[in-house]
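For reference, the structure discussed in these notes is given below.
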Amino acid sequence: MLARLKDYLWPLVGIVAVIWSVRLLYFKLEAEAATNPLVKAALDKGDILSNIATIARVIGGKVAAIPPDGFALATLSAILAYLALGWYDKLALMHLKKDRGISFPYVATTAFVTYAIAHNIGASVLSGGAVRYRAYTAKGLTGPEVAILVAICTLTFFYATALMLGFALIGAPHLLEPMAQLSSWFAVSETTARLAGLALLTACMFYMIGALLALPAFTIKGTEVAYPKARIVAIQTVIAPLEIIGAAGIIYFALPAENHPGFLLVLGAFLLSFSAGLVSQVPGGVGVMEAIFLALMPDVPASSVFAALLVWRLLYLILPLVVAIPIVLLFERARYAAGHPKPV
């Protein structure tokens, strides 16, 4: 009974999150667009559909206003993020001692396809796990080994998130102050924010110490799970933050120079909004990310924030998915052909 309730609970949470986020997003964008007298007059006379079209034109103007060098740097940031994601899988294979014989281009392509699909579909462990299972069992890994690989990649992401959010909260403790507008539960002082950041960095430090102490392996349902070696954790500490820096960098370079909040605030806002999108299980975090990002950036025009997030979605979600789908089809075609040789 409880399992069936869980099956309905998360979809319901996702639906509520989308409705709440879209409603908040619409009123925020409408209020910001109405600061222009001509736009306000159009909004006052229009119905809901015409008002959405008017707001979309305002946002389109903001996207068009992003300079070419901003787009170029945002594109390079997206490339950096996906190259770092390739190392997520490489590190997991190194941990399993299965990296030899599997080229980095194969690993990087697998990671690219995995995350391009998972970021868009949601339920990243399941959708990403399916892609990795097909790719790595073709290279000789077993099902349990692929499961451990997925777990290590997930661990790398959480480690990087804790590390970078810790630095963001300590370096920009006022990051959370605007969240109080959403709910009094989010009314966090700068001291509390710094303490939270310190707690996150302390947790990361304990993780590093565990690697240095070479903690023993343990067994889960007959499968031995080894603690990551110090070398793996050292590479994680360098590589994993690069993915988050690259992903946040897309938004950083797409925001206008006027009233720019700075990289630490963008980084913190990205981590909080992206994490909320993951928890909601809404594909791509649509609506949820935008609502939280807008709340955390009160001094930046809402349409400019939304335009920057549109660029992020284009470079980090949509274009990778467009490239990933043909790769999956070609891979499956090659697997099918290998299993069905032509008659002599």
### Task
Calculate I(q)/I(0) for region 68-337 by the Debye formula, one identical point scatterer on each C-alpha and no solvent, and give its log10 at q = 0.14 Å⁻¹ to two decimals.
-1.02
### Query
Using Cα pairs under 8 angstrom and six or more residues apart, how large is the relative contact order of region 68-337, in percent?
27
#### Entry: Selection of GluC sites (Glu not before Pro), region 253-336, meeting DSSP coil and at most 16 other Cβ within 10 Å
Glu258
### Task
Show the residues, 5+ positions off or on another chain, whose built amide H is closer than 5 Å to the amide H of Val225.
Phe218, Thr219, Ile220
## Note on the structure
Amide H contacts under 5 Å for His260, restricted to residues at least 5 apart in sequence or on another chain and with H modeled in the peptide plane, are none
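A short reminder: the numbers here are calculations on the coordinates, not readings from a lab. Just so it is clear, the model here is predicted, and its values are computed rather than measured. Here Cβ is always computed from backbone atoms with ideal geometry, including for glycine, and neighbour counts include all displayed protein chains.
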